[in-house]
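First the structure, in the form of structure tokens, and then the observations on it.
The values are calculated or read from the model by the stated rules, or taken from the named source; none is laboratory data. Just so it is clear, the structure is predicted and the values come from calculations on it, not from any experiment. Note that each Cβ is placed from the backbone with ideal geometry, even for glycine, and that neighbours are counted across all protein chains shown. In case anyone asks, the SASA skips ligands and DNA or RNA and just uses the protein heavy atoms, side chains included. Shrake-Rupley method; radii C 1.70, N 1.55, O 1.52, S 1.80 Å.
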Amino acid sequence: MTARATAQQRRSGRWIERWDPEDEEFWATTGEKVARRNLLYSVLSEHIGFSIWSLWSVLVLFMGPEYGIDPAGKFFLIGTATLVGAAIRVPYTFAVARFGGRNWTVFSALLLLAPTLAAFAVMEPGTSYTTFLMVAVLTGVGGGNFASSMTNINAFFPLRKKGWALGLNAGGGNIGVPVVQLMGLLVIGVVGAGHPRLLLGIYLPLIVLAATLAALRMDNLAPVRNDTRAVRESVSDPHTWIMSFLYVGTFGSFIGYSFAFGLVLQTQFGRTPLQAASLTFIGPLLGSLIRPVGGLLADRFGGARITLWNFAAMAVATLVVIFASLRESLPVFLVGFTALFVLSGLGNGSTFKMIPGIFQAKALARGLTGEAADAWARRLSGAAIGLIGAVGAVGGLGINLAFRQSFLSVGNATAAFTAFLVCYALCFVVTWAVYLRRPAPAPATAATEPKPQLSYAEV
């Protein structure tokens, strides 16, 4: 195929050949409008993806005694969907550069039909646990939409806007969790817990709508390419793994708590499906709405500072939840748990803002300036974002497995929350030690040139 034919093919597929968001004139005249349009439809598709990924956090509320599945088995169904959603984020990250952001958004949205139709077919008493487990595996594909969406939107926006843009993109996606829980509440409240297929039927046309709008309104960026060297560099960079650990503490908490909250209320506090569903959505909704605020605060004050004190606040909220669990006080438990949701959402925004900032700081420390520094930072941060998002989501699996083991061992969630408290304390220490502790200046000598100190305090 000739170069001319290739270019024509790309134009017909909504490909943008030139994209330079760091150029202020380009951004003001062309880039911002296009970037915001793609952000809007990316959020819609990712939103539906999160709803399908978190489907089992709602479906287990429909599964009464007639299904023959105990709480440990339900936690395992939720954990299975979490694990698959985390693992699939890695290939989804690189699919954007391989197929184009618009093209992959359309495909990944339509792929959500598979788990939704499968759940519609099997959701009734008498279905084997293995069958439910296989459908839970399928719902994991919804978790991948986050990684491809974040990688795509990261390429559209300049560094100075990434905190806001990534926070809004992720927050709009995250809000798919409380929305599906609200829809579950509506179904249970109107027709009872015996009609889970009604919830699934609501989402089938929404999936088609999201894919159609993405096809009509989104664009592919031709300059975005899979860079295997950047992938290797990001994998070997210790900051990728440090940020993955911190993201386990923020996003892992958010998605793990979102999936498990309703089941914890049923199991530990004896709530009915309707009572649990009426409370489940509140925390995820607040956590989703505040994620862009975390990005904005990070843009202004530095992501590391916001992340540090956010982990301290999460530890305090966890102490409140442990106290409530020991006293079996549902009102205090709800206050502490809701605070954890809000803080995890805030931390999601601030940690993701840190990623491009860290690689920008490293670019400057390497002696790069201007566009060369921006290009190097985009390459590395784009490659790192997918991996960090995948590892962070594994934290959601850890949350659900910890709850499962805690209920099996002691009959309540107190032991699990104690483990989470230790995790937040470690995250606080790591954030301070790596990104905020000022390095001691190197001693000056006549024979050596002064080297710039690499500081991440402003990321």
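What percentage of the solvent-accessible surface of the chain, computed with a 1.4 Å probe over protein heavy atoms, is contributed by carbon and sulfur atoms? Intermediate results must be reported in sequence, preceding the final value.
Values: 12040 of 18130 Å².
With neighbouring chains kept in place, the figure for the chain is 66 percent.
Phi-derived couplings, Karplus 6.51 cos²θ - 1.76 cosθ + 1.60 at θ = phi - 60°, listed residue by residue for the stretch 399-415: 4, 5, 5, 5, 4, 4, 5, 5, 5, 5, 7, 10, x, 8, 9, 4, 4 Hz, with x used for Gly and Pro. Where does helix 196-217 land angle-wise versus the long Cα axis of the chain, in degrees 0 to 90, nearest 10? Orientation of helix 196-217: about 20 degrees from the principal axis. Taking the square roots of 5 times each eigenvalue of the Cα gyration tensor of the stretch 164-264, largest first, gives ellipsoid semi-axes of 34, 23, 11 Å.
What the Cβ-Cβ distance of Ala419 and Leu186 gives, at R0 = 41 Å and to the nearest 0.05, is a FRET efficiency of 0.75. Applied to the stretch 369-385, the Karplus parametrisation 6.51 cos²θ - 1.76 cosθ + 1.60 on θ = phi - 60° returns per-residue 3J(HN,Hα) values of 9, x, 5, 5, 5, 4, 5, 5, 5, 5, 4, 6, 5, x, 6, 6, 4 Hz, with x for Gly and Pro.
Find, to one decimal place in angstroms, the Kirkwood hydrodynamic radius of the stretch 277-388, where the mean of 1/r is taken over every pair of different Cα atoms and then inverted. Intermediate results must be reported in sequence, preceding the final value.
Working: mean 1/r = 0.0641 Å⁻¹.
15.6 Å is the Kirkwood radius here.
Coordinate range of the alpha-carbon atoms in the stretch 261-302 per principal axis, descending: 44, 15, 9 Å.
Note the full-extension length gain between Leu209 and Glu124 as 0.36 nm times their separation in residues minus their Cα-Cα distance, in nm to one decimal. It would help to have the intermediate numbers written out before the result.
On the way: separation 85, 0.36 × 85 = 30.60 nm, distance 2.73 nm.
In short, 27.9 nm is gained.
Lysine pair count for the chain with Cα-Cα distance under 26 Å and sequence separation of 8 or more or different chains is 9.
Between Arg98 and Glu24, the distance separating the two model label sites (each 7 Å from Cα on the Cα→Cβ line) works out to 4.0 nm.
The residues of the chain have, on average, 40 Å² of accessible surface per residue, using a 1.4 Å probe with all protein chains present.
At a temperature of 10 °C and a viscosity of 1.306 mPa s, determine how fast the stretch 283-326 diffuses translationally according to Stokes-Einstein, using the Kirkwood radius over alpha-carbon pairs as Rh; express D in µm²/s, rounded to the nearest whole number.
Working: Rh = 11.7 Å.
It diffuses with D of about 136 µm²/s by this estimate.
Annotation: amide H of Trp15 within the under-5 Å range of Asn220, sequence separation 5 or more or interchain, hydrogens built in the peptide plane. Given their separation in residues at 0.36 nm each and the Cα-Cα distance between them, His195 and Ala375 gain 59.6 nm when the chain is fully extended. Evaluating 6.51 cos²θ - 1.76 cosθ + 1.60 at θ = phi - 60° for every residue in the stretch 51-59, the Karplus couplings come out as 4, 6, 4, 8, 4, 6, 5, 9, 4 Hz, glycine and proline recorded as x. Shown here: the stretch 55-188, whose C-alpha atoms stretch 54, 28, 23 Å along the first, second and third principal axes, sorted largest to smallest.
For the stretch 220-259, divide the Cα radius of gyration by the Kirkwood radius and give the resulting Rg/Rh value with two decimals. Show your work: numbers first, answer last.
Details: Rg = 14.5 Å, Rh = 12.3 Å.
Using Cα coordinates only, the ratio equals 1.18.
Entry note, the chain: the mean residue ellipticity at 222 nm calculated from DSSP H runs of n ≥ 4, each adding -39500 (n - 2.57), is -26000 deg cm²/dmol after division by the residues and rounding to the nearest 500.
For the chain, what does the equivalent ellipsoid look like in terms of its semi-axes, each the square root of 5 times an eigenvalue of the Cα gyration tensor, given largest first in whole Å? Display every interim value, and only then the final one.
Values: eigenvalues 279, 168, 54 Å².
They are 37, 29, 16 Å, listed largest first.
Tell me the angle of helix 282-301 to the major Cα principal axis of the chain, expressed in degrees between 0 and 90 and rounded to the nearest ten. On a 0 to 90 degree scale, this one is about 20. Extension gain, Ala433 to Glu66: 0.36 nm times the residue separation minus the Cα-Cα distance gives 126.9 nm.
Against the chain, whose longest principal axis comes from its Cα atoms, helix 141-156 is set at around 20 degrees.
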